[in-house]
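Right, one structure below, let's go through it.
The values are calculated or read from the model by the stated rules, or taken from the named source; none is laboratory data. Note that this is a predicted model, so its numbers are computed, not measured. Don't worry about glycine lacking a Cβ; one is built from the backbone with ideal geometry, like all the others, and counts go over all protein chains shown.
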Amino acid sequence: MALLLLALAATALTAWLGAPLHDRLVIGEITPESAESRRAERLVEAEFRAGSPDLVLVAAARPGPSGAPGPGAAVDTARVRAAGERLTRRVAADPDVARVVSYWTDLRPGPRPLLRSRDGNSALIAVRLRGDEERTTPAAARIVSAVTGRPGPLAVTATGEAAVRATVARQAADGQLRAELLVLPLTTLLLLLVFRSAVAAVLPVLVGAFAVLGTWTALRLLDTWLPLSAYAINIASALGFGLAVDYCLFLLSRYREERGRPGTDPARALSVALATAGRAVLFSAATVATCLAALLAFPHAVLRSVAYSGVIVVALAAAGTLLVLPVLLRACGDAVDRYDPFARRRRPVPAPAPAGAVPLGAWGRTASRVARRPLVVAVAVTAGLLVLASPFLQVRFGLADDRILPPDSDTRRAGQTVRADFDAWDLLTRACVVLPRFDAARHPGDLDGYARRVSARPGVTGVTTATGRYAHGRRVGPVPDRREFTGRGATWLAVTTGADIYAPANRVLAERLRALPAPAPVLVGGPGARLADTQRAVTARLPLALGLVAAAMAALVLAFTRRPVLAVKALVLNALSLAASFGAVVLVFQQGRLAGLLGGFTVTGYTEVFVPVLLFCIAFGLSMDYEILLLARICEEYDRTGDGPAAVARGIDRSARLFTWAALTFAVTMGALATSRLQLLKTIGTGLALAVLLDATVVRVLLVPAVMALAGRANWWTPWRRAPTVAPVPARAEETV
């Protein structure tokens with residue numbers, strides 16, 4: 001009881017401490033600070049004060065006092081110009097603003113026309129903010145809140161990377177609340193159907209709340225020392241609640257099963273449940289946490305944040321199941337089976353079979369049929385999964401821009417306005433090619449030749465540098481002020497492209513520019529270069545992460561079963577089901593097939609580079625989670641009877657229904673994440689829900705018995721002596737699930 005009171009007090013305290021967590025989190029740096037693109041952009045900003053803006057304000061002139069549109073609403077009228085100048089001064093006076101370029105105050109002939117819309121009714125104010133993302137994101141949110149939605153001659157909206165990050169953080173907080181309101185009643189209803197008891201249904205929900213709230217508090221403390229991503233709390237909340245419910249589902253089901261055995265008292269039932277299902281939960285949590293910890297191999301703040309939060313929430317889910325749930329069960333006593341709201345509608349439970357007869361249920365009979373033709377089933381199921389995985393062969397990687405936001409977001413609409421109505425989009429998304437130790441005044445001919453070669457590259461629409469403006473390999477005009485591009489022994493070239501900001505075409509162009517011969521060492525920055533550096537950093541660390549996950553998973557399964565063939569089989573089947581979910585994600589979110597079923601989102605034609613990494617580390621751990629829980633029951637049956645085929649059929653029969661319900665509850669949790677209005681969270685939620693459903697049904701019920709039937713006695717070979725984990729118990733015809 002003392003432990004229960006302590007858990008309740010800790011839950012209340014964590015709810016109070018973790019509530020304001022979303023206000024403190026940012027999105028997380030996408031590209032490592034040490035990357036070449038980051039160095040190039042820092043040099044351009046420091047030497048030439050020409051870095052890309054963090055925040056772009058779109059100021060549209062409202063109609064004049066008469067209410068008539070047209071010339072009276074143009075940005076060059078005295079009334080609107082005065083308002084634009086006041087707005088510019090107000091933004092420039094903010095202490096977090098480093099530089100402002102405004103249509104109304106910047107009189108340079110080069111950029112000024114680009115800051116005016118083609119119809120003359122809107123203008124741009126480009127804002128460069130001070131500091132890194134931890135400072136620029138809240139600064140952008142504060143500035144946007146101060147200048148938008150106000151009466152006057154100008155209607156102001158905002159876009160730019162800092163504005164997008166601020167909007168994403170806000171949408172993440174709103175989406176989590178919506179997901180929680182959706183998950184709690186649906187999960188409770190599913191648990192009612194499983195346990196047939198309102199008391200038993202509530203217990204996993206309480207443990208899930210304990211795990212999630214505890215993670216919030218831990219993240220709030222961790223955020224004091226480490227930058228954390230707002231995505232982390234959404235993913236961790238869904239993951240922790242789903243795992244806590246799953247773990248409780250298995251432990252509570254085993255406890256009720258043991259209590260149903262003649263002569264078994266509650267203490268003995270709980271002891272056996274902890275020794276069997278509890279041991280499996282412990283190993284299962286270790287596998288999931290290990291897979292999530294592999295994200296620490298990557299240098300990206302987003303992935304590291306998910307790793308920290310994921311490991312914490314898995315540990316708390318396991319602790320809640322193994323420590324808090326047993327106390328709750330002792331406190332509830334016989335009440336754990338009471339209050340069945342569907343009792344009148346249920347059919348009576350059939351009487352137990354005669355002594356010695358242990359008939360298989362539908363799941364067990366299915367496994368037995370599969371074992372009669374294992375090769376046919378294995379080939380057919382594997383072929384189906386490979387077909388589903390095949391779209392992943394066409395994956396194209398990119399990074400998220402404002403199009404990950406909902407279509408009705410003001411930030412996204414502002415970005416669409418800049419794309420459609422201004423000629424400044426290339427200016428705002430241009431690449432920078434920096435020659436850090438090159439003096440253009442001494443070598444103008446070398447710079448001219450290099451600029452011509454750069455402008456001739458496929459995908460380049462224009463180049464501007466100290467020696468002039470270039471297009472298609474020719475010099476097309478002079479530069480207004482060469483000092484904007486050269487000085488103090490350094491020179492840079494502004495390269496514009498026609499592609500979307502983080503499209504794969506920009507990455508290819510950045511790689512080509514880096515490979516192009518230059519008169520001096522070069523640094524290439526800009527969106528395409530950031531994408532290239534991000535993808536390179538992920539690719540460089542991916543073998544390490546894969547190796548760590550594979551080795552750790554094999555070791556954990558081997559430690560749990562002491563049987564090498566089962567460990568190898570688990571790795572192969574998990575990889576197969578994971579590949580199928582990867583292919584489905586590409587099919588839906590990159591290619592746009594069946595996109596209408598998931599609500600409105602923009603099909604960009606590429607997959608965000610982090611999605612496969614996150615899906616792999618989370619889904620692989622979840623698949624291994626179910627694998628261990630299934631192997632626990634199969635190995636228990638084999639240790640009791642010594643009959644391999646019967647152990648597989650009996651193990652699946654006793655656990656498959658439970659797996660189905662567990663997969664449904666977890667899919668509901670992930671499905672709620674898929675209702676997010678942010679495309680990354682929608683993608684992760686959909687991918688994880690599909691991976692879990694595939695794994696718990698097709699793989700565990702069909703492919704596992706087929707492969708184990710093909711392996712035969714090799715399944716049970718072990719180089720170590722193995723003692724039974726629990727005392728043998730007689731089989732029962734009737735199971736309480």
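A compact table of results
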item	result
The range 120-131, residues that are in a strand (DSSP E or B) and of a type in the set (Gly, Ala, Ser)	122, 123, 126
Matching entry among 646, 595 (being of a type in the set (Gly, Ala, Ser), more than 28 Å from residue 396 (Cα to Cα) and without any contact (Cβ under 8 Å) to a residue 24 or more places away in the chain)	646
Filter pass, residue 469 being at negative phi, within 43 Å of the chain's Cα centre (by Cα), part of a loop (DSSP other than H, G, I, E, B) and at pLDDT 90 or above	no
Of all residues making up the range 265-280, the number that are in contact (Cβ under 8 Å) with a residue 60 or more places away in the chain and not hydroxyl-bearing (Ser, Thr, Tyr)	7
Residue in the range 483-500 that is more than 16 Å from residue 458 (Cβ to Cβ) and assigned to a helix (DSSP H, G or I) present	yes
Residue 632 vs. criteria of a type in the set (Gly, Ala, Ser) and free of Cβ contacts under 8 Å to residues at least 60 places away in the same chain	no
Residue count, the range 428-465 (criterion: of a type in the set (Ser, Thr, Tyr) and under 16 Å from residue 483 (Cβ atoms))	2
Identity of the residue in the range 82-106, among the hydroxyl-bearing types (Ser, Thr, Tyr) and either part of a loop (DSSP other than H, G, I, E, B) or not assigned by TED's automatic domain parsing to the domain that holds residue 155 (or both), that ends up surrounded by the most Cβ atoms within 10 Å (Cβ to Cβ)	103
Residue within the range 255-265 that is crowded, with 24+ Cβ neighbours inside 10 Å, out of contact with any Lys or Arg (no Cβ under 6 Å at 6 or more places or on another chain) and assigned to a helix (DSSP H, G or I) present	yes
Which numbered condition residue 316 misses (of (1) more than 29 Å from the chain's Cα centre (by Cα); (2) under 24 Å from residue 201 (Cβ atoms); (3) of a type outside the set (Val, Ile, Thr); (4) modelled with pLDDT of 90 or more)	(1)
Only listed residue being free of Cβ contacts under 8 Å to residues at least 40 places away in the same chain, under 30 Å from residue 33 (Cβ atoms) and part of a helix (DSSP H, G or I), chosen from 296, 303, 292	296
Search result, residues across the range 501-518 that are in a loop (DSSP other than H, G, I, E, B) and at pLDDT 90 or above	516, 517, 518
Filter result for residue 634 (assigned by TED's automatic domain parsing to the domain that holds residue 699, β-branched (Val, Ile, Thr) and closer than 20 Å to residue 564 by Cβ)	yes
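Conditions tested, residue by residue: (1) closer than 23 Å to residue 702 by Cβ; (2) surrounded by 21 or more Cβ atoms within 10 Å (Cβ to Cβ); (3) touching a Leu at 6+ places or on another chain (Cβ under 9 Å).
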{"position": "519", "(1), (2), (3)": "no, no, yes"}
{"position": "527", "(1), (2), (3)": "no, yes, yes"}
{"position": "530", "(1), (2), (3)": "no, yes, yes"}
{"position": "544", "(1), (2), (3)": "no, no, no"}
{"position": "551", "(1), (2), (3)": "no, no, no"}
{"position": "563", "(1), (2), (3)": "yes, yes, yes"}
{"position": "578", "(1), (2), (3)": "yes, yes, yes"}
